[in-house]
1. Within the set of pairs 6+ apart or on separate chains, which have a first residue in the stretch 87-102 that is under 21 Å from V33 (Cα atoms), a second that is among the small types (G, A, S) and not in a loop (DSSP other than H, G, I, E, B), and C-beta atoms under 7 Å apart?
2. Counting only residues that are among the small types (G, A, S) and surrounded by fewer than 18 Cβ atoms within 10 Å (Cβ to Cβ), which one in the stretch 41-78 is nearest to L192 (Cα to Cα)?
3. Which residues, taken from the stretch 35-83, are charged (D, E, K, R) and more than 16 Å from the chain's Cα centre (by Cα)?
4. Do we find that V194 is of a type in the set (A, V, I, L, M), modelled with pLDDT of 95 or more and either surrounded by fewer than 21 Cβ atoms within 10 Å (Cβ to Cβ) or in contact with a helix residue (DSSP H, G or I) (Cβ under 7 Å, 6 or more places away or on another chain) (or both) in this structure?
5. Out of curiosity, is V51 assigned to a helix (DSSP H, G or I) and closer than 17 Å to A73 by Cβ?
6. Looking at R166, R217, which one is in contact (Cβ under 8 Å) with a residue 24 or more places away in the chain and of a type in the set (K, R)?
7. Are any residues in the stretch 192-226 closer than 21 Å to L148 by Cα and assigned to a loop (DSSP other than H, G, I, E, B), and if so, which ones?
8. Would you confirm whether or not the stretch 184-191 contains a residue that is at positive phi, in a loop (DSSP other than H, G, I, E, B) and out of contact with any Pro (no Cβ under 8 Å at 6 or more places or on another chain)?
Amino acid sequence: MVELAPSILSADFAHLADAVQAAEQGGGTIIHVDVMDGHFVPNLTIGPPVVRSLRKATRLPLDCHLMIEHPDALIPDFAEAGADWVSVHYEACRHLHRTLHLIAEHGMKPAVVINPATRVDLLIDILPMVHHVLVMSVNPGFGGQQFLPFTLDKIRRLRELRKEYRLNFRIEVDGGIAQDTIAQVVQAGADLLVAGSAIFDNGHAEQNAQSLLRTARVAAGELQPA
């Protein structure tokens, strides 16, 4: 079943708990938290203290996407703050297997992220140990970017590998997910859909989430078209 993961990067941080509640009421089942360090990507966002506050505001899984250098140093802090899922970039981890194992040791579900220019097949050896693979469909660092169509091939390749190796990892996509792109992403094989601007930008998060999720589920064959 496809699931919607509202990204709080685009929410009003002065009313973050309200934004999360509205997205949840609209059908969001995961809260996506973009963590940026100003080094791995050129933006600086949030860290464990905000995750700790979010943990008090929702029971939904907190999906922490670490766009940071040296993630190993902060993994214990995210676990203590209440993170449920932690994803790290292939491009940022010198010892990826060790990092994923560290996430799991701290009771969180480990995941790996690839940038648009990174080949999916580089992940083959670690696919058995991940909860999900996050395909960046924009270059990471900023919200509101345009979807990169060539990343659809990465989603299709991951779906092929999942079937070939009889694995059950999930496929998450982040970047440019909106009404005009979400169907093709689902049809390519994604089942976890991160959306930020398309949910939070105009102040109607609940309605926007409902609309996106319906489009995704129609594309997945889970609902009949209206």
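1. These pairs meet every condition: S87/A111.
2. A57
3. Once the filter is applied, which keeps residues that are charged (D, E, K, R) and more than 16 Å from the chain's Cα centre (by Cα), the stretch 35-83 yields D37, R52, R55, K56, R59, E69, D72, D77, E80.
4. no
5. Numbers: assigned to a helix (DSSP H, G or I): yes; closer than 17 Å to A73 by Cβ: yes.
The answer is yes for V51.
6. Going through R166, R217 in turn, just one is in contact (Cβ under 8 Å) with a residue 24 or more places away in the chain and of a type in the set (K, R): R217.
7. Those that are closer than 21 Å to L148 by Cα and assigned to a loop (DSSP other than H, G, I, E, B): G196, D201, A220.
8. yes
The values are calculated or read from the model by the stated rules, or taken from the named source; none is laboratory data. Treat the numbers as computed from the prediction; the structure is a model and nothing was measured. No Cβ is skipped: glycine too gets one built from the backbone with ideal geometry, and neighbour counts run over all protein chains shown.
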